Amino acid sequence: MRKIILTLIVSTLLQSISSSQIKVKIDVTSNSVKENENIFIAGNLPQFGEWSPNKVPLMKVDAFLWSMTFELNKGDFIEFKFTKGDWNSEALTDDKLVPSNHKLTVANDTTLYFKINYWKDEYKINIPDTITGKFVHFKNFDAKEIQDRDIIVWLPPDYNPFDGKRYPVLYMHDGQNIFNPATSSLGFDWRIDEIADSLIRINEIPSLIVVGIYNSGRRFYEYSNTAEGKKYAQFLVNELKPFVDNNFKTLPDRNNTFVAGSSMGGLISFILGWEYPEIFSRMICVSPAFKIRNVDYVSAVKEYSGAKKDLKIYIDNGGLGLEAELQNGIDEMLEALSAKGYKLNYDILWIKDSNAEHNEIAWSKRAPIFLKFLFDKI
């Protein structure tokens, strides 16, 4: 009798789990994909590769149709795009423009249809290839234990190699996205060059150097608390920073060395400040992925039992799409920091824009705030 009852309970649980799964089928047609090319989906969930442009290929049904069915949970909010393997070959609109993310709140079994006529690698997109001000671009900067990558060092308007003035330095991740819309993954940059230039010229902030570090295809792992993340941090601290200090007129002490990034870049910015407080005094964590899915750095802060670290921390987030998913982790991190003696509006500045999405446009709007935060100019 017990066995029958147990079987019924297990069967009921399985039916309940199964019924909560919603099937979303995605069909994509395109007559401009070459025989040796694939179509990939890149989006906000693990099933969509967490925005990796070449992780989740759709199944080729025939010469013009690609398809995939995903099992998702009711209420999931999904965002995604299509590529042919990298962001330089993403799908375009019929106007040959970089599109916004496709979005859906999962409610019922459904099929989504997309017809793609144009791809970025086939057409010159009208995106200006410009950076405001002076800069030095190091291509394929040599790294010892991680992939080589481009580095851009942006210099303030008053930078003069022949005078005695020296400058604070802000290190920023996802460097291809912060200065130049032409190199930005989605066609929009943070406009850090224009914003910093303007704030410096009107004396809202002191002059500073900004170092943009391009990401790699291992971005998720390099920007996490993983073995690769530790190597990336060591690269920045032990290789890149000494190079910048030796070749540019920096103020190399911790009080003039800062780090910033968004999403996973916001996480690794926090990790760098937390684990290297002798190097960095302030970290900018924009829409940070402190604790979401298989990522968790809140626990590391909770488990820390040493003295309070001398850090100033900027945290911000929006409220739409992925931003809403990040909220619990941000709340938990704020609580963990509070338990360690960090005070809001003193050690921590937290900004929330409930109407903001998870993208460079939203982050650009908040850039003046975090640049001023670096110098207590809020």
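Would you mind telling me which numbered condition in (1) surrounded by 20 or more Cβ atoms within 10 Å (Cβ to Cβ); (2) within 20 Å of Val153 (Cβ to Cβ) Leu326 fails?
(2)
Looking at the range 237-272 only, could you name the residues that are assigned to a helix (DSSP H, G or I), within 20 Å of Ile192 (Cβ to Cβ) and not small (Gly, Ala, Ser)? Steps first, answer last, please.
Filtering the range 237-272 down to residues assigned to a helix (DSSP H, G or I) leaves 237-247, 254-256, 264-272.
After this cut, where a residue has to be within 20 Å of Ile192 (Cβ to Cβ) as well, the list is 240-241, 244, 256, 264-270, 272.
Once the filter is applied, which keeps residues that are assigned to a helix (DSSP H, G or I), within 20 Å of Ile192 (Cβ to Cβ) and not small (Gly, Ala, Ser), the range 237-272 yields Leu240, Lys241, Val244, Asn256, Met264, Leu267, Ile268, Phe270, Leu272.
Within the group Ile268, Ile292, Ile284, which residue is surrounded by 18 or more Cβ atoms within 10 Å (Cβ to Cβ) and free of Cβ contacts under 8 Å to residues at least 40 places away in the same chain?
Working: Ile268 fails: free of Cβ contacts under 8 Å to residues at least 40 places away in the same chain; Ile284 fails: free of Cβ contacts under 8 Å to residues at least 40 places away in the same chain.
Only one candidate qualifies: Ile292.
For residues that are touching a Pro at 6+ places or on another chain (Cβ under 9 Å) and under 16 Å from Leu371 (Cα atoms), scanning just the range 164-184, find the one that is surrounded by the most Cβ atoms within 10 Å (Cβ to Cβ).
Going residue by residue through the range 164-184, those that are touching a Pro at 6+ places or on another chain (Cβ under 9 Å) are 166-169, 180-182.
Okay, now just the ones that are also under 16 Å from Leu371 (Cα atoms), so 167-169.
Numbers: Tyr167: 19, Pro168: 23, Val169: 21.
The selected residue is Pro168.
Within the range 295-316, take every residue that is touching a residue at least 12 places away in the same chain (Cβ under 8 Å) and in a loop (DSSP other than H, G, I, E, B) and give me the one that is farthest from Met283 (Cα to Cα).
Checked the range 295-316; the qualifying residue farthest from Met283 (Cα to Cα) is Tyr304.
Could you say which residue among Ile125, Ile146 is out of contact with any strand residue (DSSP E or B) (no Cβ under 7 Å at 6 or more places or on another chain) and modelled with pLDDT of 95 or more?
On the way: Ile125 fails: modelled with pLDDT of 95 or more.
Exactly one residue qualifies, and that residue is Ile146.
From the list Asp197, Asp189, Asp193, Asp163, exactly one residue is among the acidic types (Asp, Glu), touching a helix residue (DSSP H, G or I) at 6+ places or on another chain (Cβ under 9 Å) and either part of a loop (DSSP other than H, G, I, E, B) or in contact (Cβ under 8 Å) with a residue 24 or more places away in the chain (or both). Which is it?
So the residue among Asp197, Asp189, Asp193, Asp163 that is among the acidic types (Asp, Glu), touching a helix residue (DSSP H, G or I) at 6+ places or on another chain (Cβ under 9 Å) and either part of a loop (DSSP other than H, G, I, E, B) or in contact (Cβ under 8 Å) with a residue 24 or more places away in the chain (or both) is Asp189.
Could you list, in sequence order, the residues of the range 94-119 that are assigned to a loop (DSSP other than H, G, I, E, B) and closer than 22 Å to Met59 by Cα? Before the answer, list the steps.
The initial filter retains those residues of the range 94-119 that are assigned to a loop (DSSP other than H, G, I, E, B), namely 94-101, 106-109, 116-118.
Passing the criteria: Asn101, Val106, Asp109, Ile116, Asn117, Tyr118.
Taking Lys34 as the residue in question, decide whether it is within 24 Å of Asn294 (Cβ to Cβ), at pLDDT 80 or above and either surrounded by 15 or more Cβ atoms within 10 Å (Cβ to Cβ) or not hydrophobic (A, V, I, L, M, F, W, C) (or both).
Details: within 24 Å of Asn294 (Cβ to Cβ): no; at pLDDT 80 or above: yes; either surrounded by 15 or more Cβ atoms within 10 Å (Cβ to Cβ) or not hydrophobic (A, V, I, L, M, F, W, C) (or both): yes.
Against the criterion (within 24 Å of Asn294 (Cβ to Cβ), at pLDDT 80 or above and either surrounded by 15 or more Cβ atoms within 10 Å (Cβ to Cβ) or not hydrophobic (A, V, I, L, M, F, W, C) (or both)), Lys34 does not qualify.
Could you list all residues from the range 207-224 that are touching a residue at least 12 places away in the same chain (Cβ under 8 Å) and either under 15 Å from the mean Cα position of the chain (by Cα) or not assigned by TED's automatic domain parsing to the domain that holds Gly266 (or both)? Walk me through it before giving the result.
Taking the range 207-224 and keeping what is touching a residue at least 12 places away in the same chain (Cβ under 8 Å), we get 207-220, 222-224.
Once the filter is applied, which keeps residues that are touching a residue at least 12 places away in the same chain (Cβ under 8 Å) and either under 15 Å from the mean Cα position of the chain (by Cα) or not assigned by TED's automatic domain parsing to the domain that holds Gly266 (or both), the range 207-224 yields Gly212, Ile213, Tyr214, Asn215, Ser216, Gly217, Arg218, Arg219, Phe220, Glu222, Tyr223, Ser224.
Looking for something in a loop (DSSP other than H, G, I, E, B) and more than 21 Å from Asp94 (Cα to Cα) - is there at least one such residue anywhere in the range 38-48?
At the first step, the residues of the range 38-48 found to be in a loop (DSSP other than H, G, I, E, B) are 38-39, 44-45.
Still in the list and also more than 21 Å from Asp94 (Cα to Cα): 44-45.
Yes, the range 38-48 contains at least one residue that is in a loop (DSSP other than H, G, I, E, B) and more than 21 Å from Asp94 (Cα to Cα).
Residue check: is Ala107 surrounded by 14 or more Cβ atoms within 10 Å (Cβ to Cβ), small (Gly, Ala, Ser) and either closer than 17 Å to Ile22 by Cα or in contact (Cβ under 8 Å) with a residue 24 or more places away in the chain (or both)? Spell out the reasoning first.
Numbers: surrounded by 14 or more Cβ atoms within 10 Å (Cβ to Cβ): no; small (Gly, Ala, Ser): yes; either closer than 17 Å to Ile22 by Cα or in contact (Cβ under 8 Å) with a residue 24 or more places away in the chain (or both): yes.
It is false that Ala107 is surrounded by 14 or more Cβ atoms within 10 Å (Cβ to Cβ), small (Gly, Ala, Ser) and either closer than 17 Å to Ile22 by Cα or in contact (Cβ under 8 Å) with a residue 24 or more places away in the chain (or both).
Being closer than 27 Å to Val98 by Cβ and in the same structural domain as Phe290 (by TED's automatic domain parsing), is that true of even one residue in the range 307-316?
Keep residues of the range 307-316 that are closer than 27 Å to Val98 by Cβ, which gives 316.
Checking which are in the same structural domain as Phe290 (by TED's automatic domain parsing) leaves us with 316.
The answer is yes, given that some residue of the range 307-316 is closer than 27 Å to Val98 by Cβ and in the same structural domain as Phe290 (by TED's automatic domain parsing).
Kindly establish whether Lys230 is at pLDDT 95 or above, surrounded by fewer than 18 Cβ atoms within 10 Å (Cβ to Cβ), out of contact with any Gly (no Cβ under 6 Å at 6 or more places or on another chain) and part of a helix (DSSP H, G or I). Please lay out each step first, then the result.
Values: at pLDDT 95 or above: yes; surrounded by fewer than 18 Cβ atoms within 10 Å (Cβ to Cβ): yes; out of contact with any Gly (no Cβ under 6 Å at 6 or more places or on another chain): yes; part of a helix (DSSP H, G or I): yes.
In short, yes.
Might you check whether a residue that is in a helix (DSSP H, G or I) and not aromatic (Phe, Trp, Tyr) occurs anywhere in the range 338-347?
Step one: filter the range 338-347 for residues in a helix (DSSP H, G or I), giving 338-339.
With the extra rule that they be not aromatic (Phe, Trp, Tyr), the set shrinks to 338-339.
Yes, some residue in the range 338-347 is in a helix (DSSP H, G or I) and not aromatic (Phe, Trp, Tyr).
Could you list all residues from the range 337-358 that are under 14 Å from Cys285 (Cα atoms), surrounded by fewer than 21 Cβ atoms within 10 Å (Cβ to Cβ) and not basic (Lys, Arg)?
Asp347, Ile348, Leu349, Trp350, Ile351
Residues that are more than 20 Å from the chain's Cα centre (by Cα) and either not in a loop (DSSP other than H, G, I, E, B) or not assigned by TED's automatic domain parsing to the domain that holds Val169 (or both): does the range 317-331 have at least one?
no
Condition test on Gly341, is it touching a residue at least 12 places away in the same chain (Cβ under 8 Å), farther than 22 Å from Thr105 by Cα and more than 18 Å from the chain's Cα centre (by Cα)?
On the way: touching a residue at least 12 places away in the same chain (Cβ under 8 Å): yes; farther than 22 Å from Thr105 by Cα: yes; more than 18 Å from the chain's Cα centre (by Cα): yes.
Judged against the criteria, Gly341 is a match.
The values are calculated or read from the model by the stated rules, or taken from the named source; none is laboratory data. Remember, predicted model here, so these are calculated numbers, not experimental data. Glycine gets a Cβ as well: all are built from the backbone with ideal geometry, and neighbour counts include every protein chain shown.
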